[in-house]
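S.K.: Before anything else, here's the structure in question.
The values are calculated or read from the model by the stated rules, or taken from the named source; none is laboratory data. This one's a predicted model, so the numbers in the text were calculated from it and none came from an experiment. All Cβ positions, even for glycine, are placed from backbone atoms using ideal geometry, and neighbour counts span all protein chains on display.
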Amino acid sequence: MSNYATIITDPVADFTTLARALADRSRVRALLALSRGELCVCQLVELLDLAPSTVSRHMAVLGRSHLVRSRKDGRWVYYRRAGADAPPAAKAALEWVDRTLADTPDAVVDAEKLDRILACPVEELCRRSTPPSSA
């Protein structure tokens with residue numbers, strides 16, 4: 001059984017939800033980065049140079065569009081692109097993003113930045129992106 005229990009059954013609504021999700025540069029950059037594999041939200045924060053709450057909102061939009069999946073591991077949330085059980089429209093949208101944008105100058109710069117980010121331990125990045133708790 002698919003994990004996409006809330007799949008929209010109205011094709012026009014499904015299309016417009018996907019279109020809105022893809023209409024933001026940061027969300028498209030995140031999708032391109034996730035083509036390399038699962039990433040922690042702190043890695044996406046570092047790549048996109050956005051606040052953790054902003055990245056989380058972007059990822060929620062992508063999740064509602066069935067373009068990404070998430071999992072929680074302790075305090076951290078990890079994202080990956082939708083897989084084989086994704087709705088056909090989401091799979092087609094991901095293929096379109098890759099085919100159209102994977103080799104653009106911006107994508108190349110982000111890929112180089114992501115190489116540096118992936119070389120840093122996730123725990124260190126997460127500490128940097130998490131504000132200290134007030135005790």
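S.K.: So ASP73 fits all but one of (1) under 21 Å from ARG20 (Cα atoms); (2) modelled with pLDDT under 95; (3) not β-branched (Val, Ile, Thr); what number is the exception?
M.R.: That leaves (1) as the condition not met.
S.K.: Of all residues in the range 21-41, how many are among the acidic types (Asp, Glu) and either out of contact with any strand residue (DSSP E or B) (no Cβ under 8 Å at 6 or more places or on another chain) or farther than 19 Å from GLY83 by Cβ (or both)? I'd like the intermediate steps shown before the answer.
M.R.: Of the residues in the range 21-41, the ones among the acidic types (Asp, Glu) are 24, 38.
Restricting the remaining residues to those that are either out of contact with any strand residue (DSSP E or B) (no Cβ under 8 Å at 6 or more places or on another chain) or farther than 19 Å from GLY83 by Cβ (or both) gives 24.
Summing the residues that are among the acidic types (Asp, Glu) and either out of contact with any strand residue (DSSP E or B) (no Cβ under 8 Å at 6 or more places or on another chain) or farther than 19 Å from GLY83 by Cβ (or both) in the range 21-41 gives 1.
S.K.: Here's something else I'd like to know. From the list VAL28, VAL12, pick out the single residue that is over 17 Å from VAL122 (Cβ atoms), at pLDDT below 95 and of a type outside the set (Phe, Trp, Tyr).
M.R.: Values: VAL28 fails: at pLDDT below 95.
After ruling out the rest, the residue left standing is VAL12.
S.K.: Sticking with this structure for a sec: Which residues, taken from the range 46-55, are hydrophobic (A, V, I, L, M, F, W, C) and within 15 Å of ALA119 (Cα to Cα)? Explain how you work it out, then say what you get.
M.R.: Of the residues in the range 46-55, the ones hydrophobic (A, V, I, L, M, F, W, C) are 47-48, 50-51, 55.
The one that is hydrophobic (A, V, I, L, M, F, W, C) and within 15 Å of ALA119 (Cα to Cα): LEU47.
S.K.: Are there any pairs with C-beta distances below 7 angstrom linking a residue in the range 104-122 that is under 15 Å from SER26 (Cβ atoms) to a residue that is surrounded by fewer than 16 Cβ atoms within 10 Å (Cβ to Cβ), with the two at least 6 apart or on different chains, and if so which?
M.R.: ALA107/LEU101; LEU114/ARG36
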